[in-house]
Amino acid sequence: MQAKKLKGSEILISVLRKEGVDVIFGYPGGQVIPIFDALYDCKDIDVVLTRHEQGAAHAADGYARATGKAGVCLATSGPGATNLVTGIATAYLDSIPLVAITGQVGSLLLGTDAFQEADMVGITRSITKHNFLVRDAQDIAPTIHKAFHIAKTGRPGPVLVDITKDATVALMAENEIDWCENLEIRSYKPNYNGNPKQIKKASEAIFQAKQPIIYAGGGIILSNAQKELLEFAEKTKMPVATTLMGIGAFPGNHRQYLGMVGMHGSVAANTALHNSDLVIAVGVRFDDRVASDATQFAPNAAIIHIDIDPAEISKIIPATIPIVGDAKNVLVELSKIAKSGGYVEWAEKVEKWTEGKRFWYKHSDEVIKPQFVLETLYEETNGEAIVSTDVGQHQMWSAQYYRFDRPRKFLSSGGLGTMGFGLPAAMGAARGTNGVVWNISGDGGIQMNIQELATIKLNALAVKIIVLNNEYLGMVRQWQGMFFDKRYSSVNMTVSSKERAQNGHVKKKNSAYIPDFVKLAESYGIPAKRITKPSEVKDAIKWANETQGAVFLEIMIDPEENVLPMIPAGKAVSAMITE
């Protein structure tokens, strides 16, 4: 009996099913038609047709952040593939497991500048954990298995698989296919267990310290180590601060939690970190939004740096006690032997810096303060919501005023700072969790991928959208106001360059809303409201929360509200602006 033959595209779908893929976010095109043809008969994998390939990449990213699984996106060659680049780079900087599959021109056309040819291996080399070019159908199965293994293990990250069209249409006998059942990559062996001698040194340093602090990052969430972090912190009684990406790694309402550190971190967290004599850094990379002036970062502290990626150890801040290993495993072992040295005086200092609150603002009954919106959302959702954000002021207000008690609830582009991330990421998270996701955005960021409202509506995804509209590119305006003598160049979203020259930067009274977000959302079949008074905020959020499916709220906020505290770029904690 002759063995059944499979096309390369059919082999691809079979491998994706073996990897447990249940949804692909993608957009078809010439070179991937064979793949989409194979998906047509596949009942196990849902295909979410986005309205832009960047939306597909961000949706796969949001799916991965919310579920802990690898997200999958699919695009055709040339512009389809290059449109994924921003999403791939976003995932790379935040260590998110993503498998991006792209079509490529036929093998014989490679290097000829053929129609819609782009060297995706070259383009993505610096923004992927690894990438592959597949030119033969027999390489599809093992390559896809390797891609998922690399994306999900060690320090997670995106992997790109570029497949030529001839590989997708070629036939192979089923019994000749290497399904790669016993996968082993000799050159790739992540170290999950920390060195016992280094862990012992760390425990001794903890006992001897007088002013220690735990500095936790996204690595805690990626390794599912939140339980171990909590147990370690409660045993040692040390204060805890997190990075932006570490929000949710430690309960936001816990008595030992000081809040987020960094440029817009809390006074208590930044001051405690600066004055500590020992920093236990777990799953962090000391990026410039925290170690803005690396020479002044915790200047009197010894550094215990725990990370699964050896390349991060001492890359920016020299580690006194480096420990290479998985955060979960290392914290388990450290908790077994670590003892608290007793930090009564330190705790009193930290409490003084906290003064009962991490962040503050001046409430108004006249204009809507964005902080008030986030506080209200927290109350109306009982702190249980999954929240995605774009990038800018609203991102920082979300991080400051919505207290996340659990991981994978705060989805935001940290390393790359990608505007346009929030809406499609919420879409992916809603699809992955089959639940409700709140997307907090600004009037600038929402317009970068606003076409995904169609995807949300057609796929019946429960994405609740709040646009905090200050009619500015708010974070840039804040910097221009604070450091460039209020020379507001190209940040007002309501006037043209000609109008700016004639009338300055203030919108004319009673002029039309451009765009009219309410009408725009309603044109996609999504119920929407515009809120202009503080007294309307609570009822509006309650309405959105109780309405089935997607909802769009445009909330007109104080146009010149700033995000505070703020440490200016390149400065130390002593330069923090609080008023």
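So the values come out like this:
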| read-out | value |
| --- | --- |
| At most 15 other Cβ within 10 Å, DSSP loop - chymotrypsin sites (Phe, Trp or Tyr not before Pro), the range 454-502 | F484 |
| Kirkwood Rh in Å, taken over the range 1-79 so that all alpha-carbon pairs contribute | 13.3 |
| For the chain, share of DSSP beta bridges that run antiparallel, in % to the nearest 5 | 5 |
| Euclidean distance between Cα centres, the range 1-52 to the range 156-210, Å | 24 |
| For the range 85-166, average projected area of the Cα convex hull in nm² | 5.1 |
| Calculated on alpha-carbon atoms, Rg and Dmax of the range 211-321 in Å | 12.4, 34 |
| Order of exposure, largest accessible area first, which applies to K464, K519, K542 with probe 1.4 Å | K519, K542, K464 |
| Heavy atoms of C180: accessible area, 1.4 Å probe, square angstrom to 10 | 20 |
| Spherically averaged projected area of the range 215-262 from its Cα convex hull (nm²) | 2.8 |
| Coil-residue trypsin sites (Lys or Arg not before Pro) of the range 285-332, DSSP, other Cβ within 10 Å capped at 16 | K315 |
| Cα radius of gyration and Dmax for the range 45-140 (Å) | 13.4, 41 |
| The range 191-230: Rg to Rh, with Rh as the Kirkwood radius over Cα pairs | 1.01 |
| Evaluated at q = 0.06, 0.13 Å⁻¹: base-10 log I(q)/I(0), Debye formula over Cα of the chain | -0.32, -1.33 |
| GluC sites (Glu not before Pro) restricted to the range 151-195 and DSSP loop, no more than 11 other C-beta within 10 Å | E181, E184 |
| Accessible area expressed per residue, the range 135-191, with surrounding protein chains retained (probe 1.4 Å, Å²) | 49 |
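The values are calculated or read from the model by the stated rules, or taken from the named source; none is laboratory data. Because the structure is a prediction, the values reported are computed rather than measured. Reconstructed Cβ throughout: ideal geometry from the backbone, glycine too, with neighbour counts over all protein chains shown. Note: areas computed on protein heavy atoms with side chains; ligands, DNA, RNA excluded. Shrake-Rupley method; radii C 1.70, N 1.55, O 1.52, S 1.80 Å.
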